[in-house]
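S.K.: Input: one structure, supplied below.
The values are calculated or read from the model by the stated rules, or taken from the named source; none is laboratory data. Only a predicted model underlies this, so the values are computations on that prediction, with no experimental measurement involved. Here the Cβ positions follow ideal geometry from the backbone for every residue, glycine too, while neighbour counts run over all protein chains shown. Note: accessible area is taken over every heavy atom of the protein model, side chains too, but ligands, DNA and RNA are not part of it. Shrake-Rupley method; radii C 1.70, N 1.55, O 1.52, S 1.80 Å.
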Amino acid sequence: MRISTTSCLCPFLVCLCFIQRCYGASHHVPAKVPSKNQTKLANGETEVHHRPKRGWIWNQFFVLEEHMGPDAQYVGKLHSNSDKGDGSVRYILSGEGAGTIFIIDEVTGDIHATKSLDRERKTHYVLHAQALDRNTEEALEPKSEFIIKVQDINDNAPKFPDGPFVATVPEMSELGTSVLQVTATDADDPTYGNSARIVYSILQGQPYFSVDPKTGIIRTALANMDREAREHYTVVIQAKDMAGQVGGLSGSTTINITLTDVNDNPPKFPQKNYQLYVPESAQVGKPVGKIKANDEDLGINADIKYSIINSEGANMFSISTDRDTREGVISLKKPLNYERKKTYTLHIEGMNTHMDPRFSYIGSFKDTATLKISVGDVDEAPVFSMDYYIMDVYENAPSGTEVGAVTARDPDSRNSPVRYFMDSKEEGERYFRIEESSGVVRTTQPLDREDIPWHNITVMASEVGRYPDNPSLLSHVPVTVQVLDVNDNPPEIAADGEVIVCESSRPGQVIQTVTAVDKDDFANGQRFYFALPSQLPVNPNFTLKDNEDSSASIIARRRRFNHLTQELYELPIVVWDGGEPSLSGTSTLTLRVCPCQRHGRIRICQGEAFLSSAGLSTGALIAILLCIVILLAIVVLFVTLRRSKKEPLIISEEDIRENVVTYDDEGGGEEDTEAFDIIALRNPAAAEELKFRRDIRPEVRQHCGPARNRQSPSVELDEVDVHEFIKQRLVEADMDTSVPPYDSLQTYAYEGQGSPTGSISPLDSPGAHSEQDYSFLEDWGPELQKLAELYGEAESDVTT
């Protein structure tokens, strides 16, 4: 099979195609080994067919990208040696894009590209070709692989993926100093033609900067550019492909270049002579004035150090630099006295702290100015002999103990007497007082070092008779009083919670090491001694060993503790301190026995480990359980109140359904039904006429005439209309003001009327007495005595 193409566009490619066609079958792809086909004839003989040697001759197909023609782009042709041109060979194409991008003529083997391709998306396609016998569908050639490579055209402009850029370069840089390198990218094929060959040029930024056309490195084009003259520059760089030729595509980017500062400007005072007025009352160490030298540089290059270079000024004043404003702050080193000296002259020098030796030719980077200070006369407040006082006193000292004394004097020529007092707004006034004339500080109560170890108070002084008339003549001094320690606190065992004793502890095993704490200071509490109380009998379970390093070890004296037998043990321990005099204290430790799990050196009870893993303490669990109990009590109380407050929805004397009779008598009989009239549930007509009271026994009316002339109530009230009865009851319910303010339901059951013989129900004849004689019941014995009494009583009532 042979592959041909028309894509060899240059002599080199033509030669390559020729070499590949002539040489590729034996070197690039293994040749197909000749095979022998044997056919068995009818007579039993075998005919051997020698198939001629054929093979695939490889070549790489090329197709141009971005093809916009109306017809499919011709790629190449597949041809097999078995193809005689009679159409018996069918060519099949498979692989990437087969059938969608690339189609093949099954008869001729011509391959066409049906879509426009983009090399930047996919550079090549791998396909497989096969030749089949059209009639038998047998493979004439084995399936073989070939490549269609997308050939690039210049359809992508260069781009600067990281732009725009920001760069800096020091001012006063030499010519050709590198600033920044910019790099453009081109998506076209860099191995084919000049489509991706980029050339850089500068569009904006001349004559200050230039760019290397090949590397894209931006350099300074002028020497000694001054930041103070111009600080910011905008440079536009263009990248053009096709080696910068006409027709090439281009892209540009912007670089914002800033000149950074160097120390090329010395400081300068705006003027050479300054004057300053300072009152003699100015406080030592406080600023009295400012002076500033200007520097056009920035940052550390503009830092200035000020100094007083003459001894007259340096002895009385000091100068420092304010880092924010770069001003020279003049402060007083010694108190001024108008009576002694009225003026001072200061020679002040300002010099850069960071100098660049490249600019030493400019000169010295410093400047000087003269400051004349005039001292003003004022009435001054008393001056303390010290800026602050530190005193001490032992704790528990009795009230009135002297702590120390302060001293102040009047600096004026009059040398007026001074009085002392304490600031009434301070808390220290509760513990100390000061003698007004002598300045002696005394305690007002015994002090406790463990409560407050240090006291800070303020003592004020004024001329006698001046304060409070003139508050400005009041001076203050801080006084710090240290309370010295005495050994007045016994030591205690420092124990965090309970001590855990494992059930598996052995005799001599250290259960836990304990230490002690003492509220006294380190001098009295640095050494502790431990022992068990001597007045108690020997503890059979535990003993104590003093480790002689201010700690003690609790040691088990027996084995096999059981938390079920005894869970808690108490161990009293006596501890002494090393103070003078020595104090002791007894602490009782609680030891809990439980199964243990080891976690490093920490032993935790299994039950406590569960709680600790859940993050809940015992107090938290108790609080949770208490809340649950309270909630349950509230719910039970609420349910109880709801049950006790249940009332009927309708409270009406006329609602016969609410009249429920409960009795416990045995054999009460029909007497129990006389508490209410049940006829109203069955016959509303009879109920209207026979409306008895429900709180008393109903009366039985005596009928005149023979019994046979008496009719049942249902017969007597046949003419009553049940509809009228219901309407009447509805009106009564609507007009009743005693019923609850909600709808009620009243139900009436009526058997109906129409039978001339009346109802056979005994409920319809409550007013008629029976003619039956029940006296024979008395003869039936004691078993029916109660029944005979009931019927006898009923007959007597009827007779009366």
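S.K.: Quick one: which of Lys334, Lys366, Lys342 is touching a helix residue (DSSP H, G or I) at 6+ places or on another chain (Cβ under 8 Å) and not β-branched (Val, Ile, Thr)?
M.R.: Only one candidate qualifies: Lys334.
S.K.: Could you pull out the residue among Val246, Val288 that is in the same structural domain as Arg323 (by the TED database) and surrounded by fewer than 20 Cβ atoms within 10 Å (Cβ to Cβ)?
M.R.: Just one listed residue meets the conditions, Val288.
S.K.: Pairs please, first residue from the stretch 619-636 and among the hydrophobic types (A, V, I, L, M, F, W, C), second anywhere and surrounded by 10 or more Cβ atoms within 10 Å (Cβ to Cβ), Cβ atoms under 8 Å, 6+ apart in sequence or on different chains.
M.R.: Short answer, once both residue conditions are applied: Leu621/Leu611; Ile624/Leu616.
S.K.: What's the number of the only condition in (1) open to solvent by 20 Å² or more (accessible area, probe 1.4 Å); (2) touching a residue at least 12 places away in the same chain (Cβ under 8 Å); (3) under 52 Å from the mean Cα position of the chain (by Cα) that Pro213 fails to meet?
M.R.: Result: Pro213 fails condition (3) only.
S.K.: Go through the stretch 499-543 and give me each residue that's surrounded by 13 or more Cβ atoms within 10 Å (Cβ to Cβ), over 17 Å from Asp577 (Cα atoms) and in contact (Cβ under 8 Å) with a residue 24 or more places away in the chain.
M.R.: Once the filter is applied, which keeps residues that are surrounded by 13 or more Cβ atoms within 10 Å (Cβ to Cβ), over 17 Å from Asp577 (Cα atoms) and in contact (Cβ under 8 Å) with a residue 24 or more places away in the chain, the stretch 499-543 yields Val499, Ile500, Val501, Cys502, Glu503, Ser505, Gln509, Ile511, Gln512, Asn539, Asn541, Phe542.
S.K.: Given (1) over 57 Å from the mean Cα position of the chain (by Cα); (2) modelled with pLDDT of 85 or more; (3) crowded, with 16+ Cβ neighbours inside 10 Å, identify the lone condition not met by Thr343.
M.R.: Here Thr343 clears every test but (3).
S.K.: Would you point out the residue of the stretch 346-365, among those that are modelled with pLDDT under 90 and touching a strand residue (DSSP E or B) at 6+ places or on another chain (Cβ under 6 Å), that is least open to solvent (accessible area, probe 1.4 Å)?
M.R.: Phe365
S.K.: Are any of the residues in the stretch 589-611 under 46 Å from the mean Cα position of the chain (by Cα), among the aliphatic types (A, V, I, L, M), at pLDDT below 55 and part of a helix (DSSP H, G or I)? Write out each step before concluding.
M.R.: To start, the set of residues in the stretch 589-611 that are under 46 Å from the mean Cα position of the chain (by Cα) comprises 589-611.
If we keep only those that are among the aliphatic types (A, V, I, L, M) as well, we get 589, 591, 593, 602, 604, 609, 611.
In the following step, the residues that additionally are at pLDDT below 55 were identified as 602, 609, 611.
Checking the rest, the ones that are also part of a helix (DSSP H, G or I) come to 609, 611.
Yes: one or more hits.
S.K.: Also, quick follow-up: Of all residues being in a loop (DSSP other than H, G, I, E, B) and either out of contact with any helix residue (DSSP H, G or I) (no Cβ under 7 Å at 6 or more places or on another chain) or free of Cβ contacts under 8 Å to residues at least 12 places away in the same chain (or both) in the stretch 249-265, which is surrounded by the fewest Cβ atoms within 10 Å (Cβ to Cβ)? Just the residue, please.
M.R.: Only one residue fits best here, namely Leu249.
S.K.: Separate question: Evaluate the following for Ser320: is it surrounded by fewer than 18 Cβ atoms within 10 Å (Cβ to Cβ), in contact with a Ser or Thr (Cβ under 6 Å, 6 or more places away or on another chain) and either assigned by the TED database to the domain that holds Pro279 or outside any loop (DSSP other than H, G, I, E, B) (or both)? Show your work before the answer.
M.R.: Values: surrounded by fewer than 18 Cβ atoms within 10 Å (Cβ to Cβ): yes; in contact with a Ser or Thr (Cβ under 6 Å, 6 or more places away or on another chain): no; either assigned by the TED database to the domain that holds Pro279 or outside any loop (DSSP other than H, G, I, E, B) (or both): yes.
Criteria not met by Ser320.
S.K.: Within the set of pairs 6+ apart or on separate chains, which have a first residue in the stretch 486-498 that is of a type in the set (Val, Ile, Thr) and open to solvent by less than 60 Å² (accessible area, probe 1.4 Å), a second that is modelled with pLDDT of 80 or more and assigned to a loop (DSSP other than H, G, I, E, B), and C-beta atoms under 7 Å apart?
M.R.: Val486/Glu395; Val486/Asn396
S.K.: Would you confirm whether or not the stretch 414-422 contains a residue that is touching a residue at least 60 places away in the same chain (Cβ under 8 Å) and either of a type in the set (Val, Ile, Thr) or closer than 16 Å to Ser475 by Cα (or both)?
M.R.: no
S.K.: State yes or no: is Ala282 at pLDDT below 90, closer than 27 Å to Ile300 by Cα and aliphatic (A, V, I, L, M)? Before the answer, list the steps.
M.R.: Working: at pLDDT below 90: yes; closer than 27 Å to Ile300 by Cα: no; aliphatic (A, V, I, L, M): yes.
Answer is no for this residue.
S.K.: Please indicate, with yes or no, whether at least one residue in the stretch 402-417 is touching a His at 6+ places or on another chain (Cβ under 7 Å), assigned to a strand (DSSP E or B) and either open to solvent by 20 Å² or more (accessible area, probe 1.4 Å) or over 29 Å from Ser331 (Cα atoms) (or both).
M.R.: The answer is no, given that none of the residues of the stretch 402-417 is touching a His at 6+ places or on another chain (Cβ under 7 Å), assigned to a strand (DSSP E or B) and either open to solvent by 20 Å² or more (accessible area, probe 1.4 Å) or over 29 Å from Ser331 (Cα atoms) (or both).
S.K.: When you look at Glu120, is it outside the structural domain of Ser250 (by the TED database), touching a strand residue (DSSP E or B) at 6+ places or on another chain (Cβ under 7 Å) and surrounded by fewer than 19 Cβ atoms within 10 Å (Cβ to Cβ), yes or no? Even if it seems obvious, please write down each step before you answer.
M.R.: Working: outside the structural domain of Ser250 (by the TED database): yes; touching a strand residue (DSSP E or B) at 6+ places or on another chain (Cβ under 7 Å): no; surrounded by fewer than 19 Cβ atoms within 10 Å (Cβ to Cβ): yes.
Spelling it out, it is not the case that Glu120 is outside the structural domain of Ser250 (by the TED database), touching a strand residue (DSSP E or B) at 6+ places or on another chain (Cβ under 7 Å) and surrounded by fewer than 19 Cβ atoms within 10 Å (Cβ to Cβ).
S.K.: To continue, here is another question. Within the stretch 267-285, which residues are touching an Asp or Glu at 6+ places or on another chain (Cβ under 7 Å) and open to solvent by less than 100 Å² (accessible area, probe 1.4 Å)?
M.R.: Pro267, Phe269, Glu280, Ser281
S.K.: Okay, moving on. Of all residues in the stretch 124-147, which are touching a residue at least 60 places away in the same chain (Cβ under 8 Å) and more than 15 Å from Val75 (Cβ to Cβ)?
M.R.: Those that are touching a residue at least 60 places away in the same chain (Cβ under 8 Å) and more than 15 Å from Val75 (Cβ to Cβ): Ala131, Leu140, Glu141, Pro142, Ser144.
S.K.: Oh, and also: Out of curiosity, is Tyr74 of a type in the set (Phe, Trp, Tyr) and over 59 Å from the mean Cα position of the chain (by Cα)?
M.R.: So Tyr74 passes the test.
S.K.: Let me ask something else about it. Which numbered condition trips up Tyr200, out of (1) at pLDDT 85 or above; (2) open to solvent by less than 50 Å² (accessible area, probe 1.4 Å); (3) in a loop (DSSP other than H, G, I, E, B)?
M.R.: (3)
S.K.: Sort out which residues of the stretch 83-120 are assigned to a loop (DSSP other than H, G, I, E, B), over 30 Å from Asp186 (Cα atoms) and small (Gly, Ala, Ser), and write them in order of number.
M.R.: Gly85, Gly87, Ser88, Gly99, Gly109
S.K.: For the stretch 151-159, does any single residue satisfy the condition of being farther than 30 Å from Val179 by Cβ and touching a helix residue (DSSP H, G or I) at 6+ places or on another chain (Cβ under 7 Å)?
M.R.: The answer is yes, given that some residue of the stretch 151-159 is farther than 30 Å from Val179 by Cβ and touching a helix residue (DSSP H, G or I) at 6+ places or on another chain (Cβ under 7 Å).
S.K.: If you scan the stretch 63-78, which residues turn out to be more than 19 Å from Asp105 (Cβ to Cβ) and open to solvent by 30 Å² or more (accessible area, probe 1.4 Å)?
M.R.: Within the stretch 63-78, Leu64, Glu66, Met68 qualify.
S.K.: Assigned to a loop (DSSP other than H, G, I, E, B) and either at pLDDT 85 or above or more than 18 Å from Tyr394 (Cβ to Cβ) (or both): is that true of Gln482 in this structure?
M.R.: no
S.K.: Still on this structure: One residue is enough: does the stretch 227-246 have a residue meeting the conditions free of Cβ contacts under 8 Å to residues at least 24 places away in the same chain and of a type in the set (Val, Ile, Thr)?
M.R.: yes
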